[in-house]
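Report on one structure; see the data block that follows.
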């Protein structure tokens, strides 16, 4: 038996060809001259050497009359092709109208003319459930003209191309309307992001930000008809070879489709992300007139905000037309045709994890970002405060070896020598500037010196800081503790930001990274002075980020968990609790540079902030219990004449510290 396939190198097409290779006969495939290599790359996937002998390229073009196939090839194929499978088309909501017109409508007309020219036995047309438009109700397989709301180019061109087959094709034909095609149910393989995949980045971000057990709010809408590619090609292959079905249409759909909220929760489960326990039905917003929404979107700030969110998540705005999808698809004719074949739609819950796993390994857009630190900072001037020890030193080492011009800022020149020696030994470049960041005049001098020597500042890492662990009841006579922490942690960092912002504006580029604390999110007791100073910097950063976003200046706040640095060394209790190493903390700075997020925080930190917002009284009770569980040291209590010592941790306290890893107690 002889076949002809258009779109054989496409996603559905390559799987169909693989199925057809299980049968006897030659498979001719339409391919553009400049796409021969793409076809040849599929031969190993189809199985060498048989595929090379049986899959034969025919050079042509979907956009040309009779597919642009040479007259000699038409003569060669005339009367030989039993089945012509037409799959070549655009299956993309975001494609422009002109491209969809050319591929879907003109391409189908040219394919029909070619089928007639070679006297094909049957024209097997792959349409789509989009041909029904946004029909409100159940769309049967014998319905076509009843389609509604075909305004979108994708719906219209799918409908009109099927109409060409129905009304103009002079050879026998069959039409297949697949649902929303996802990856292979056994391997998860897919070639592009489409349909439910558009929401995978949102699910991933939720997983990275929140604990899996935390309930979240999601969306609910209409039922989406999701089917795996292997079901589509198996059904097409079987039905195409069954006699007596010409002139019929077959819905390759799930007879029991799931609502969008249920589908997203399945993928959230597969991703180990929080479940959307409470789902808001999108129909609740249907009472708002379209002209009101259009008017709202015409407001520049609203439009920019929407576009930024959608761009960050990789979601095209047209996808939202499916949120309240109104159409159900009857597939009784398909079920009848497949009777006895053993072919049926697998349940999504049985293979959702495979789809997620394949996407995250092969299609996640983050995989294609230049993840090398060198690609971001080579040759750039990076100022790191507190750069002679702890997080600052580890950060300086990573950045300098990646090719940055690192400016190390600290008070002690002698301590800097060891850091500079390490950097030199590793082949990096760095220069030390002595500065007392608690002295505003010293901060101004530093800014002037850096700009004089380098003429630029591309990245500023505000890492230097002071922490005081002391309860407020033991601080009534120590107001200077609050002044000192505010002076260094807030005013010192702020002075540098204000000093370097003008050059960043002139450069039209800059990135300010502030090392804050998990305590800002959890509001840990006993750290009121420290948390207040970091909170002030966080608040300023939030305001500044809004003002400079169109100057291409990014601000990132890292709510750092407990790190094993000299700053926490005096508190011996921390020797018994989990902490990050300085190198792990520096990795978070690298993450900030590569991805430029607004905030980096642990799941526990974010959970703490959410608990403060949702149940503040309960949270205060929990924190008070922790406050009593971890008392001040004798030094912090100011007991004169006594040797400073740390209170030993009780088993209860150690268990609590393990559960709340990274939180300052």
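Regarding segment 401-516, what is the average projected area of its C-alpha convex hull, in nm²? Each step should come with its number before you reach the end.
Working: hull surface 33.9 nm².
About 8.5 nm², averaged over all directions.
Rounded to two decimals, what is the ratio between the C-alpha radius of gyration of segment 88-163 and 2.2 N^0.38 Å? Present the calculation step by step, with values, prior to reporting the outcome.
Values: Rg = 13.0 Å, N = 76, 2.2 N^0.38 = 11.4 Å.
Normalised Rg, Cα atoms only: 1.14.
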*Whole-angstrom gap from segment 84-128 to segment 337-381, using each part's C-alpha centre*: 28
*asked:* Can you tell me what percent of all Cα-Cα pairs in segment 128-192 are more than 13 Å apart?
replied: 67
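So for segment 1-105, what percent of the C-alpha to C-alpha distances run longer than 18 Å? Before the final figure, lay out the partial values.
Values: 2625 of 5460 pairs.
The answer is 48 percent, as a whole percent.
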_Along principal axes, Cα extents of segment 17-56, largest first, whole Å_ = 29, 17, 15
*What is the log10 of I(q)/I(0) for segment 356-437, computed with the Debye formula using one identical point scatterer on each Cα and no solvent, at q = 0.19, 0.24, 0.25, 0.27 Å⁻¹?*
-0.73, -1.02, -1.08, -1.22
*Kindly give the semi-axes, whole Å and largest first, of the ellipsoid equivalent to segment 57-106, taking each as the square root of 5 times a Cα gyration tensor eigenvalue.*
26, 12, 7
_Approximate spin-label separation residue 618-residue 243, in nm, with each point projected 7 Å along Cα-to-Cβ_ = 6.9
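Determine one quarter of the surface area of the Cα convex hull of segment 166-291, which equals its mean projected area, and express it in nm² to one decimal. Present the calculation step by step, with values, prior to reporting the outcome.
Details: hull surface 47.2 nm².
For segment 166-291, averaging the hull's shadow over all directions gives 11.8 nm².
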*Binned at 10 Å from 0, what are the whole-percent values of the Cα-Cα distance distribution for segment 198-261, short to long?*
16, 31, 25, 16, 9, 3
*asked:* If I model a spin label at residue 191 and residue 508 as a point 7 Å from the Cα along the Cα→Cβ vector, what separation in nanometres do I get?
replied: 3.8
*Debye log10 I(q)/I(0) for the chain, one point scatterer per Cα, at q = 0.10 Å⁻¹*: -0.98
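Could you tell me what a quarter of the Cα convex hull surface of segment 1-178 works out to, in nm² with one decimal place? Present the calculation step by step, with values, prior to reporting the outcome.
On the way: hull surface 40.6 nm².
Across all orientations, segment 1-178 yields a mean hull projection of 10.2 nm².
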*16 Å reach of a label modelled at residue 41, 7 Å along Cα-to-Cβ, counting backbone N of segment 159-191*: 190-191
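Taking only Cα atoms of segment 102-230, what ratio of Rg to Rh do you get with Rh as the Kirkwood inverse-distance radius?
Working: Rg = 18.8 Å, Rh = 17.3 Å.
That ratio equals 1.08.
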*Mean residue ellipticity at 222 nm from the helices of the chain, using -39,500 (n - 2.57) per DSSP H segment of n ≥ 4 over the full residue count, to the nearest 500 deg cm²/dmol?*
-12500 deg cm²/dmol
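We did not get these values from a lab; they are worked out from the coordinates using the rules stated. Everything numeric in this text was worked out from a predicted model, so none of it was measured. Glycine gets a Cβ as well: all are built from the backbone with ideal geometry, and neighbour counts include every protein chain shown.
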